[in-house]
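The values are calculated or read from the model by the stated rules, or taken from the named source; none is laboratory data. Bear in mind that the values here come from a model prediction, so they are computed numbers and not experimental data. For neighbour counting, all protein chains shown are included, and Cβ atoms are generated from backbone atoms with ideal geometry for every residue, glycine included.
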Amino acid sequence: MTATELNFHRRLSVAPMLDFTDRHERYFLRLLTKETLLYTEMIVANALLHAGPRFLAHNEIEQPVALQLGGSDPKMLTECARIVEDAGFVEVNLNCGCPSERVQCGSFGACLMKEKNLVAECVSAMRAKVKIPVTVKTRIGVDEFNSWEFFLDFIKTVASAGCDTFIIHARTARLKGYTPKENRERPELHYEVVYRLKQELPQLNISINGGITTLENAKEALTHVDGVMMGRAPYANPWLLANADSLIFGRKDSSPATRKALLEAYLPYMQQQLSEGCPLSIMTKHLYGLFSGFPGGRRYRQILSEESPKVEATLDVVRLAMNAVSE
Ligand SMILES: Cc1cc2nc3c(=O)[nH]c(=O)nc-3n(C[C@H](O)[C@H](O)[C@H](O)COP(=O)(O)O)c2cc1C
């Protein structure tokens, strides 16, 4: 895929989310939107090197898919980037925004914002070995390092190593005192900082992330930056992506006409996965939010969550759940 094509897809992306954006979720979302760039969950470099195939498995239909790495060792990351490229992913992204303690112990994620030269070294090493773009997902600051100057200096340093695409979660990360969940809700969002970055460094491709819940909001943000990344909203309500191809990309929507038709279209994939030994509940957990607010929506969710984990569960569970809801 050319850089121009990839930048087109970057106009809207679905965020990397641990335990959420696995291959089953990505396949499901792809039935709703052909153009949106999808991200994998963060994959720790060390884990990828030791158990690669498990993390790299995906279906061609999911493309375009970017893979996110967690790590801070230039050699290891470079090795990973090559594996990622060979596996067919269109981009490799370095996580410099995750605040979890587990991640800090491994010295990667948001704490890397305090180590701009190391990040630059990692980017430069990866870029030297792969053709796919190496991008960075980060925040606007970390702990007490929350000034505009700090943020700009971090971006400029990493950009000088050859990274021309940044995804910015528009809040600072607090490494102490907040849980990872709190770190996604607090402190407050500062979209203006991300917009200013695009103004000052217009040559960079900048995506904004954090708290964007509708395609209308995404469209508005696109008047300031190159891309919008959405995480929790499309997970909780996947149907919001049904109009993404027309609204954001100016292309024809290809999503099924109804939510039930969407589920029908997903059934053959689930059947195939079941036959390969994948437990039903791993796939159905991504479907919980599809009928929120509809009559029978609660019952639908209850059936999926209670019946799918049973050992003998088949697709009849999904059909039963579907029958419980009126669209
Ligand atoms: C369950 C969950 C897991 C996440 N895992 C990752 C991850 O693996 N890598 C990452 O960079 N961000 C991760 N994030 C953060 C999201 O990518 C995103 O930056 C954040 O949720 C803000 O965007 P939103 O308000 O649109 O959800 C995660 C968020 C959630 C809710």
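Here G293 clears all of (1) over 29 Å from L6 (Cα atoms); (2) part of a helix (DSSP H, G or I) except the condition numbered (2). Under the condition of being part of a helix (DSSP H, G or I) and either modelled with pLDDT under 95 or within 15 Å of the ligand (Cβ to nearest atom) (or both), the residues counted in segment 221-269 number 10.
Here is a yes/no grid of residues against (1) away from the ligand (no atom under 14 Å from the Cβ); (2) of a type in the set (A, V, I, L, M); (3) closer than 17 Å to M230 by Cα; (4) not assigned by TED's automatic domain parsing to the domain that holds N93:
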{"site": "C163", "(1), (2), (3), (4)": "yes, no, no, no"}
{"site": "A170", "(1), (2), (3), (4)": "no, yes, yes, no"}
{"site": "A173", "(1), (2), (3), (4)": "no, yes, no, no"}
{"site": "G177", "(1), (2), (3), (4)": "yes, no, no, no"}
{"site": "H190", "(1), (2), (3), (4)": "no, no, yes, no"}
{"site": "R196", "(1), (2), (3), (4)": "yes, no, no, no"}
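Of the listed requirements (1) within 25 Å of I282 (Cα to Cα); (2) within 13 Å of the ligand (Cβ to nearest atom); (3) over 13 Å from the mean Cα position of the chain (by Cα); (4) not aromatic (F, W, Y), G71 misses just one: (1).
Within segment 303-327, the set of residues being of a type in the set (S, T, Y) and either crowded, with 16+ Cβ neighbours inside 10 Å or closer than 10 Å to S281 by Cβ (or both) comprises S305, S308.
Within segment 30-57, the set of residues being away from the ligand (no atom under 16 Å from the Cβ), closer than 29 Å to R11 by Cβ and not small (G, A, S) comprises R30, L31, L32, K34, E35. Looking only at segment 181-191, decide whether some residue is surrounded by 15 or more Cβ atoms within 10 Å (Cβ to Cβ), part of a helix (DSSP H, G or I) and at pLDDT 90 or above. Yes, the conditions are met somewhere in segment 181-191.
If the condition is being touching a residue at least 40 places away in the same chain (Cβ under 8 Å), out of contact with any Leu (no Cβ under 8 Å at 6 or more places or on another chain) and assigned to a helix (DSSP H, G or I), then segment 141-170 contributes W148, F154, T157, V158, S160.
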